[in-house]
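> There's a structure below that I have some questions on.
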Amino acid sequence: MSFDRSIKIAPSILSADFANFGAECAAIEAQGCDWVHVDVMDGHFVPNITFGPATCAAIRPHIKGVMDVHLMISPVDAYIDAFAQSGADVITAHLEAGPHIHRTLQAIRGAGAKAGLALNPGTPIEAVDYLLDMVDLVCVMTVNPGFGGQKFIQSQVSKVEKLRAMIGDRPIHIEIDGGVTVDTAPLVAAAGADVLVAGSAVFKGGSVHQPEVYGQNIRAIRAAATAAATAAASKAAV
Ligand code: DX5
Ligand code: ZN
């Protein structure tokens, strides 16, 4: 996985057809997505249950690019090796999932995956201060985790701005997860985000039989975000 700050669209398969993950992953990649975002929920850390490492391993052969696994589970550490062995490129754990996030991040890198750190909307950005040298990605949740299709929480935009300043030149992705649409993507892209997770906004109106709709949705989000990021960069350069 090489690093750059260009806008990357990561559809969340939480909004895909659960009976057809392989074909859905192939369809979104063929339609131009950058990463595939995989939401793991345990019914304990969040009030919803999805699937575990066996499902990740089953869909892995259907994904050519980056498999981005978002763990909304607690405890986390006992499951890291299983998710790494399932073929996850990025494993993201929540700062709020336990008392020892530092150890969790060490374990993720130790298992050979890129380490992601996710923050719930109520968690202050200063909480990442002593963790920045241990992470490859920070995920700013712009909804409360657990469900797709929720409304974007506007207050998180300034959190992204602060995070971007804290990161400086470090090769750390800023990922946004929740309520990303053509209307909200420009706000976070201008604030410095580069990986945009989108579930409902990518899958709406399409299917594996009508995959071109996925492509239209992906291109619309990417165009809106890239324009905002470019405008913000030229404003900063003046
Ligand atoms: C929420 C998940 C998200 C979710 C995003 O708990 O982590 O990845 O699927 O869905 P949308 O884009 O519909 O808000
Ligand atoms: Zn997610």
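> Provide THR142, THR123 in ascending order of the number of other Cβ atoms located within 10 Å of each residue's Cβ, fewest first. All intermediate terms of the calculation are to be shown ahead of the outcome.
Working: THR142 26, THR123 16.
Ranked by crowding around the Cβ, least crowded first: THR123, THR142.
> Let me ask something additional. What is the Cα centroid distance between the stretch 220-238 and the stretch 1-66, reported in whole angstrom?
So the separation of the two Cα centres works out to 26 Å.
> Springs between alpha-carbon pairs under 10 angstrom, Gaussian network model over the chain: which of VAL76, VAL188, VAL143 fluctuates most?
Judging by the Gaussian network model, the answer is VAL76.
> Quick check: net charge around TYR130, other residues with Cβ under 15 Å of its Cβ, Lys/Arg +1 and Asp/Glu -1? All intermediate terms of the calculation are to be shown ahead of the outcome.
Details: positive: ARG103, ARG170; negative: GLU126, ASP129, ASP133.
Combined, the nearby Lys, Arg, Asp and Glu give -1.
> Another question, if that's okay. With +1 assigned to the C-beta of every Lys and Arg and -1 to the C-beta of every Asp and Glu, and no other charges, what is the dipole magnitude of the stretch 96-204 about the Cα centre in debye, to the nearest 20? Numbers along the way, then the final one.
Details: 9 positive and 11 negative charges, 37 e Å.
About 180 debye.
> Using Cα springs under 10 Å in a Gaussian network model of the chain, which residue among GLN85, GLN154, GLN210 shows the largest mean-square fluctuation?
Answer for the Gaussian network model of the chain: GLN210.
> Count charges around GLY206 for me, please; just the other residues with Cβ under 12 Å from its Cβ, Lys/Arg as +1, Asp/Glu as -1. Can you show the working numbers first?
Details: positive: LYS204; negative: ASP17, GLU24, GLU212.
That sum, taken over residues with Cβ under 12 Å, equals -2.
> Then there's this: Rounded to the nearest Å, what's the spacing between the alpha carbon centres of the stretch 100-141 and the stretch 149-206? Just the number, please.
The stretch 100-141 and the stretch 149-206 have Cα centres separated by 17 Å.
> Please compute the net charge surrounding ALA232, taking Lys and Arg as +1 and Asp and Glu as -1 over other residues with Cβ under 14 Å from its Cβ.
Numbers: positive: ARG5, ARG164, LYS235; negative: GLU161, ASP194.
Cβ neighbours under 14 Å give a net charge of +1.
> How big is the convex hull of the Cα atoms of the stretch 8-237, per residue, in Å³? Walk me through the numbers before you get to the answer.
Values: hull volume 25.2 nm³, N = 230.
In the stretch 8-237, the Cα hull volume divided by residue count equals 110 Å³.
> With +1 on the Cβ of every Lys and Arg and -1 on the Cβ of every Asp and Glu, and nothing else charged, how large is the dipole of the stretch 8-237 about its Cα centre, in debye rounded to the nearest 20? Each step should come with its number before you reach the end.
Details: 15 positive and 22 negative charges, 78 e Å.
Approximately 380 debye in magnitude.
> If you don't mind, another one. Let me spell out the model: positive unit charges on the Cβ of Lys and Arg, negative unit charges on the Cβ of Asp and Glu, origin at the Cα centre of the stretch 1-135. What dipole size does that give, in debye rounded to 20? Can you show the working numbers first?
Working: 7 positive and 15 negative charges, 48 e Å.
With Lys and Arg at +1 and Asp and Glu at -1, about 220 debye.
> By a straight-distance test (C-alpha under 18 Å), which aspartates and glutamates pair with LYS151 as possible cross-link partners, with residues fewer than eight away in the same chain excluded?
ASP39, GLU175, ASP177, ASP183
> FRET efficiency for ASP77 and GLN154, Cβ-Cβ distance as r, R0 = 41 Å, nearest 0.05? All intermediate terms of the calculation are to be shown ahead of the outcome.
Numbers: r = 34 Å, r/R0 = 0.82.
E(calc), rounded to 0.05, equals 0.75.
> Which whole-number percent is the relative contact order of the chain (Cα, under 8 Å, 6+ apart)?
Details: 489 pairs, mean separation 48.1, N = 238.
Computed over the chain, the figure is 20 percent.
> Top mean-square fluctuation among ALA19, ALA165, ALA115, Gaussian network model of the chain, C-alpha springs under 10 Å?
Judging by the Gaussian network model, the answer is ALA19.
> In deg cm²/dmol, rounded to 500, what helix-only [θ] at 222 nm does the chain give when every DSSP H run of at least 4 residues adds -39500 (n - 2.57) and the total is split over its residues?
-10000 deg cm²/dmol
We did not get these values from a lab; they are worked out from the coordinates using the rules stated. Computed from a prediction, not measured in an experiment: that's the story for all the values here. No Cβ is skipped: glycine too gets one built from the backbone with ideal geometry, and neighbour counts run over all protein chains shown.
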